[in-house]
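See structure below.
The values are calculated or read from the model by the stated rules, or taken from the named source; none is laboratory data. It should be emphasised that the depicted structure is a prediction, and the values quoted were computed from it without experimental measurement. Reconstructed Cβ throughout: ideal geometry from the backbone, glycine too, with neighbour counts over all protein chains shown. Quick note on the areas: whole protein, heavy atoms, side chains included, nothing else; ligands and nucleic acids left out. Shrake-Rupley method; radii C 1.70, N 1.55, O 1.52, S 1.80 Å.
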Amino acid sequence: MIRNIVGSVLALAGATAAVWSPFRAWYDGRHGRDYAIDELFTGITDDRGELLGSILAPFLFAALLTLLGVVLRSRLLVALAGIVVLGFTVLWMVRVGQAEGSLTIGGDGAGLGDGVANAFGGGILLLLGAVVMSGRSRPPHRVDQPPRFTHPTLDGPPPDDTSTLEAPRQHPQASAPYAATQTFDVPTPDPERENPPPKG
């Protein structure tokens, strides 16, 4: 229970950081919401993308996966949300590196900004939340033993055991599979009596 609570808090914090990151500077003061989602596959340009068509879209999807994972206590959904956040962040870095020639980190607002750090931190928190969560608690697996049937013996009735099922009580001789065998004399036919020889 405690692990699920701590893991959920970490996951929700990671999702919040990821969703907030596009509203911060990502590179040279340009916010993440200004990068269109299709530019991650075709190449970075100077055109500004729409808000819902920006890099914010996959982070909103990751936040939705996180909420479902927390509600359903699914470690897989939370981990998938972290992979989505980190995957799109790394993809963005690759595309920006190709467009700029190299990535730099500057303290005067040039180079990588704190938005990238928020995205990376959010993705790592999501993965940590998935690791910490214990997931759904499964009921203990119980294997029921097959019922044991007892048969009466000549020594008396079977002991009274409530943990086993008893067969209907029968006569002691009824448990024998066959009755006692008996022999019978069968007369053999006499051919002379059936067909007597002709007289005279």
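Taking the options V90, V78, name whichever one is aliphatic (A, V, I, L, M) and touching a Leu at 6+ places or on another chain (Cβ under 8 Å). Step by step, each of V90, V78 is checked, and only V78 is aliphatic (A, V, I, L, M) and touching a Leu at 6+ places or on another chain (Cβ under 8 Å).
Selection of helices (runs of 4 or more DSSP H) fully inside region 21-111 by the criterion of at least 1 residues being in contact with a His (Cβ under 7 Å, 6 or more places away or on another chain) returns nothing. On inspection, L64 does not qualify as more than 23 Å from the chain's Cα centre (by Cα), without any contact (Cβ under 8 Å) to a residue 60 or more places away in the chain and open to solvent by 70 Å² or more (accessible area, probe 1.4 Å). Would region 127-143 turn up any residue that is modelled with pLDDT of 80 or more, assigned to a helix (DSSP H, G or I), among the small types (G, A, S) and buried (at least 17 other Cβ atoms within 10 Å of the Cβ)? The answer is yes, given that some residue of region 127-143 is modelled with pLDDT of 80 or more, assigned to a helix (DSSP H, G or I), among the small types (G, A, S) and buried (at least 17 other Cβ atoms within 10 Å of the Cβ). Tell me the residue from S21, S8 that is over 23 Å from I105 (Cα atoms) and of a type in the set (S, T, N, Q), please. Testing whether each residue is over 23 Å from I105 (Cα atoms) and of a type in the set (S, T, N, Q) leaves just S8. Which residues, counting only those in region 1-15, are farther than 13 Å from G123 by Cα and either assigned to a helix (DSSP H, G or I) or open to solvent by less than 90 Å² (accessible area, probe 1.4 Å) (or both)? Passing the criteria: I2, R3, N4, I5, V6, G7, S8, V9. Scanning region 19-56 for residues that are open to solvent by less than 70 Å² (accessible area, probe 1.4 Å) and aliphatic (A, V, I, L, M), we see that the one that is nearest to G121 (Cα to Cα) is V19. Count of region 67-98 residues, restricted to those that are of a type in the set (G, A, S), without any contact (Cβ under 8 Å) to a residue 60 or more places away in the chain and closer than 16 Å to V116 by Cα, is 2.
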